[in-house]
Amino acid sequence: MLCVRLAVPRDRSPPHETGCDVIGRRRFLGNYMSRRSPRCGSKVKRKMAADAEHGPLEEAVEEPRSFKDLGVTDVLCETCDQLGWKTPTKIQVEAIPVALQGRDIIGLAETGSGKTGAFALPILQTLLETPQRFFALVLTPTRELAFQISEQFEALGSSIGVQSAVIVGGIDMMSQALTLAKKPHVIIATPGRLIDHLENTKGFNLRALKYLVMDEADRILNMDFETEVDKILKVIPRDRKTFLFSATMTKKVQKLQRAALKDPVKCAVSSKYQTVEKLQQHYIFIPSKFKDSYLVYILNELAGNSFMIFCSTCNNTQRTALLLRNLGFTAIPLHGQMSQNKRLGSLNKFKAKARSILLATDVASRGLDIPHVDVVINFDIPTHSKVRYSS
């Protein structure tokens, strides 16, 4: 995957016309600030220094482990095989055996590392052993991620008849109340709408809940859901299993860990600011008035690829999408001012490759599983260093 940032200089004159190799094949005009090849850098230098001092380090080669080796039951192993999950990912190898032992978990892993399978499989296996309605609750920061997690739960639990419900904003509360009245096994929700139902939907409670999962916990807390999360923790049983998954361990996440988890096991497979492997990152430093022109040039030069372009505001997302459409690109927007049906429609069209360019705000910045994305462009510089690397 290729990641490109378009940065605007502050209080500086336009850059001199100096050539810079940005993409690796074409040359752009502008001040190219930094470029690091994924095959070189400080890690390689440190390894060379270590080799010179102590001799080459011997790398332990681990044999690929199957889900059965992790303790997953046969019926779920068969489902994983049908879904194309041949071998578990690093976070799944670390988390699943611990979860099956009944321990609380803090899972640290970047987006796209298989975190959903790491908590879904233990929950489904325990549900298979002790069937119960309202068995698990999964909290997510965004609506799109909630629907994606629901799809994975239903796919993994298809052979055992698992029912899930998605409770998010932007959808009629009455229809959601009817869904909750059927008492699904797993609820996937955003914190705000779940609190609405806990306070207003007659007969709905989570007093018998066995599992609580907070996926992308750092994003949940950064989006000011702390009050809602506190309310949820007060109305669910203390005698439960809690899984907290996050890409970064922030101070807020540490505070939540102390309040919600009992003697947790930390399963970390990523460093503090790690990006995914095989990601080539480039940075283009240009005047603001040329940003649209550079964006169109990049899209033309890399035509045939699938793009995600992140903008800082809903208005800029919509404007850029209209600009690209008028120029003949198959672009589609995704932002918070769209209705939920339109948001899901945009995401599904992009996933189905009916559109090659998705322009989004940070509602799509974490957790979404879109394997076919080739290029990510930060059209506006992210306000937080830990966001805007998706899929």
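The values are calculated or read from the model by the stated rules, or taken from the named source; none is laboratory data. Nothing here was measured: the structure is a model prediction, and the numbers come from that model. Positions of Cβ are backbone-derived with ideal geometry, glycine not excepted, and every protein chain shown enters the neighbour counts.
Given the options GLN132, GLN152, GLN125, GLN163, name the one that is in the same structural domain as ASP215 (by TED's automatic domain parsing) and more than 24 Å from ASP81 (Cα to Cα).
GLN132
Of everything in the stretch 164-184 that's under 23 Å from the mean Cα position of the chain (by Cα) and without any contact (Cβ under 8 Å) to a residue 60 or more places away in the chain, which residue is farthest from THR130 (Cα to Cα)?
For the stretch 164-184, the residue satisfying everything is ILE167.
If a residue counts only when it is in contact with a helix residue (DSSP H, G or I) (Cβ under 6 Å, 6 or more places away or on another chain), which helices (runs of 4 or more DSSP H) contained entirely in the stretch 263-375 have at least 1 such residues?
It comes to 340-351.
Please work out if GLN148 is out of contact with any helix residue (DSSP H, G or I) (no Cβ under 9 Å at 6 or more places or on another chain) and in contact (Cβ under 8 Å) with a residue 60 or more places away in the chain.
no
Of the residues GLY169, GLY192, which single one is in contact with a Gly (Cβ under 7 Å, 6 or more places away or on another chain) and assigned to a loop (DSSP other than H, G, I, E, B)? Please lay out each step first, then the result.
On the way: GLY192 fails: assigned to a loop (DSSP other than H, G, I, E, B).
GLY169 is the lone residue from the list that is in contact with a Gly (Cβ under 7 Å, 6 or more places away or on another chain) and assigned to a loop (DSSP other than H, G, I, E, B).
Please list, ordered by first then second residue, the pairs with beta carbon atoms under 8 Å, 6 or more apart or interchain, first in the stretch 255-276 and within 30 Å of ASP374 (Cβ to Cβ), second loosely packed, with under 11 Cβ neighbours inside 10 Å and modelled with pLDDT under 90.
Going by the 8 Å Cβ cut-off, the qualifying pairs are TYR273/SER385.
If we keep just the residues of the stretch 189-212 that are among the basic types (Lys, Arg) and free of Cβ contacts under 8 Å to residues at least 40 places away in the same chain, which is surrounded by the most Cβ atoms within 10 Å (Cβ to Cβ)?
Narrowing the stretch 189-212 to residues among the basic types (Lys, Arg): 193, 202, 207, 210.
Among the residues that remain, those that are also free of Cβ contacts under 8 Å to residues at least 40 places away in the same chain are: 193, 202, 207.
Details: ARG193: 20, LYS202: 6, ARG207: 8.
This residue is ARG193.
Spot the failing condition for LEU137; the list is (1) of a type outside the set (Val, Ile, Thr); (2) in a strand (DSSP E or B); (3) at pLDDT below 95, and only one is missed.
Looking at each condition in turn, LEU137 falls short on (3).
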